[in-house]
Amino acid sequence: MITIVIAEAALETVPPELLGHPSVKKLAERKGKLPEETLLDISYHYAAMKDLRDWDRRGRPDITYITLLNLLERPLNKEGLLKVYVHTIGNFVIDISPEINLPKNYSRFLGLVEQLFQTGNVPPRGKPLMVLKKGKLEDVVKNIGHTKVVFLTEKGKAAKSSYFRGLVDGGGSPMFVIGGFQRGEFSRDNLSLAEDKVSVYSKPLDAWIVASMVAHEVERALKIIQ
């Protein structure tokens, strides 16, 4: 089993200090929700976020959405060999079922995640397809079985196809950690969890591109695709 963690994801509900801002109230009213029930989104809340700590690493739920769409449609997932988790900037962990059929409409995805932050499960009844719990990235690393923890970072060593083959040869179960934020590097505490730090390209790439490249290399290594 291959594990991919979208870490420090810019996915969170609107923080208390912004609940009274006009842009936050306006969007919440349009959605028919309370401000605290909505997701922070820089596309709508830029004016409110400018004075927020680490504002340029927050409010990008689209990064998680596009990355999940890419991963869950990969042959690796269709073969039952992929498990995906999302660790958020606010230290929540989302357990994603491989069977989930994410909506292709972004607004519907936002609604699902807003529901998830309220109920802890989506759907709230029956077999859950997304489960939200409080937890650090360290908890994911400690509790999920793996043979090596590999962080994807532009500052890491260049990883060729042979590197990925080496990780999965003999039934290896690597855990790949990919940043779910738009700018900067993993926090020092989280980066200390890495057993290996690698890059798939010499310049910055969007999270969903990195995730897709990693999945592709693993699929080739496992001979799922040629």
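Read-outs throughout are calculated quantities, based only on the coordinates presented, and are distinct from any laboratory measurement. Just so you know, these numbers come straight off a predicted model, no measurement behind them. Note that we place each Cβ from the backbone using ideal geometry, even for glycine, and neighbour counts take in every protein chain shown.
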Exercise. At 0.36 nm per residue, minus the direct Cα-Cα distance, what do T119 and Y163 gain on full extension? Give it in nm, one decimal, please.
Key: 11.8 nm
Quiz prompt | Extent along principal axes [Cα atoms of the chain; Å; largest to smallest] | solution = 55, 39, 29
Quiz prompt | Eligible lysines near K127 by straight Cα distance, threshold 22 Å, same-chain separation 8 or greater | solution = K78, K83, K104
Quiz item: Against the longest principal axis of the chain, how steep is helix 61-72, in degrees 0 to 90 to the nearest 10, with axes from Cα atoms?
Solution: 30 degrees
Quiz item: Taking the simple approach of a point 7 Å from Cα along Cα-to-Cβ for both N105 and D51, what is their distance in nm?
Solution: 3.7 nm
Quiz item: How far is it, in nm, from the label point at K127 to the one at L19 when both lie 7 Å from their Cα along the line to the Cβ?
Solution: 3.7 nm
Exercise. Would you list which aspartates and glutamates come within 15 Å of K26, measuring only between C-alpha atoms, while excluding same-chain residues fewer than 8 positions from it?
Key: E36, E37, D41
Self-check item: Between helix 207-221 and the chain: long-axis angle, C-alpha atoms, 0 to 90°, nearest 10
Solution: 20 degrees
Quiz prompt | Ratio Rg/Rh [Cα only; Rh per Kirkwood] for region 148-200 | solution = 0.98
Exercise. Rounded to the nearest 500, what is the 222 nm mean residue ellipticity of the chain from helices alone, with -39500 (n - 2.57) per DSSP H run of 4+ residues and division by all residues?
Key: -10500 deg cm²/dmol
Practice problem: Compute the long axis of helix 106-119 from its Cα atoms, compare it with the longest principal axis of the Cα atoms of the chain, and write down the angle in degrees, 0 to 90, nearest 10. | Solution: 80 degrees
Quiz item: Picking from G156, G171, G145, which is most flexible by a Gaussian network model of the chain using Cα springs under 10 Å?
Solution: G171
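Please report T119, T153, T88 as a ranked list, fewest other C-beta atoms within 10 angstrom at the top and most at the bottom.
Details: T119 14, T153 19, T88 25.
By the 10 Å Cβ count, ascending, the order reads T119, T153, T88.
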Exercise. Any chance you could get the radius of gyration and Dmax over the Cα atoms of region 65-150, in Å?
Key: 13.1, 37
